[in-house]
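Since the structure comes first, as C-alpha cells, the remarks are kept for the end.
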Amino acid sequence: MAALLNRLHHISLHVSNAEKVAGDLVSKFKFSLFATRLTDTSRQLAFRKGAAVFIVNERQNQCGKSTHQVMSWYEKLFGFQRFFIKSDEDVDEGFVVNHKDVGLRLTAMEYWKCSEAGITLPSVDKKEPDCKFVIAESLPGQGKNQVDTFLEQHGAPGIQHIGLYTKDIVSSAQAMAHAGVQFFSPPDAYYTEVGKQQEIEEAGHSPQLLAQNGILLDTDLCQDPLPQTTSSDKKRHLLQLFTKPLFAEDTFFLELIERRGATGFGEGNIRALWRSVQAHMENQTVDSQGEGSKKTMQSGQY
C-alpha cells in the first residue's frame, strides 16, 4: 500500500491489543490522544504529534480466512481488482518465491474507483491506481519466518508495512536517517551480484551511494513500448528502502518508494528484503538471549 510522501494525511493501524500500541505511541514517541470511538465490535483511538496522526483500530480479525476469501471481500466491499505482479503469474497460486531460504506467496490487488469518480491524486502517470496492496503468505515447511512472526506478535492478519512515495529517495532517506530513523540493511552481496552494479549505473545512480543508504533498485521491462523507443527507454525502475519496525514487536514498518515508470512491487528485490528482515529478527533473538544470560549471571552473583 502506498501514498504520496508529501500528501500523507494519517496512518491507520489494525491491531489486536490497542493498549500496547497506544502505550508505545505515548511513552516512546510522545503522541497525545485526542479522539476515541467505541462500538460493540471495535475501538478506535486517534493520536497526534504535530502534523502526524495515527489511528489505532482494534476490531475482530479475519483469522482463518483464505487469501481468495480476503480478496473477494476487498473486491466486493471496496472495489479492489486483482493485478499480476508478473505477467506469467499463476491465477490461483499467485506470485511464488521459493528459493533457498525464501518461501513466499504474494497476491496483489489495486484500487481504481477514485479515478472513475473523477477524484485523482497528483501523479506523474495518471493511469496509475490510487492504492495497491499485496497479500503475503509463507510457504509450508519454511521454519521460523517473518510472516509467521508477524501473525504471532500482531495476533492476527494485518498491515506489515506502508509504502510512501517520494520523488527523490536518496534525499528522503538521508533526511529521515538524520532525524533518527533506522533502516534495514540489505545483504552486502545484493550490490555485488552479477549485473547489479551495471543495472544501477544504467538507471543513473551510484552503486556506492545506494549501498550506503540501503536502497534497493529493480528494473521492469515495458510491456507496451512504442515502436520508436530504444532498449534503454523500455526499462522502468523502482527504488525501495525499508525502515526497521517502529514498535517493540516486529509488526509494522515503513517503506520509501520512488517509481520511475515501474508499476509493480519490485519482485527482483523481494529476496533481498526477506533476508534483511530475517537477519534483523535473528539479531533480535540473539540480543534478547544475551540479555537473558547476562541477567542470569548477575542474579547468580548476589
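A short reminder: the numbers here are calculations on the coordinates, not readings from a lab. Just so it is clear, the structure is predicted and the values come from calculations on it, not from any experiment. No Cβ is skipped: glycine too gets one built from the backbone with ideal geometry, and neighbour counts run over all protein chains shown.
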At 20 °C and a viscosity of 1.002 mPa s, what translational diffusion coefficient does Stokes-Einstein give for the stretch 17-60, taking Rh as the Kirkwood radius over Cα pairs? Give it in µm²/s as a whole number. 203 µm²/s
Here FRET efficiency (C-beta to C-beta, residue 260 to residue 179, R₀ 25 Å, nearest 0.05) is 0.50
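Quick one: of 86/235; 196/235; 86/167; 30/132; 28/167; 86/132, which pairs are farther than 19 Å apart, Cα to Cα? Walk me through the numbers on the way to the answer.
Numbers: 86/235 15 Å; 196/235 14 Å; 86/167 24 Å; 30/132 30 Å; 28/167 30 Å; 86/132 15 Å.
Exceeds cut-off: 86/167; 30/132; 28/167.
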So for the stretch 17-60, averaging the separation of alpha carbon pairs under 8 Å that are six or more residues apart and normalising by length, what relative contact order in percent results? 33 percent
Sort 47-55, 244-252 by the packing proxy (mean of other Cβ within 10 Å over each peptide's residues), most packed first. 244-252, 47-55
Interchain or long-range residues, amide H under 5 Å from residue 184's placed H: 242, 243, 244
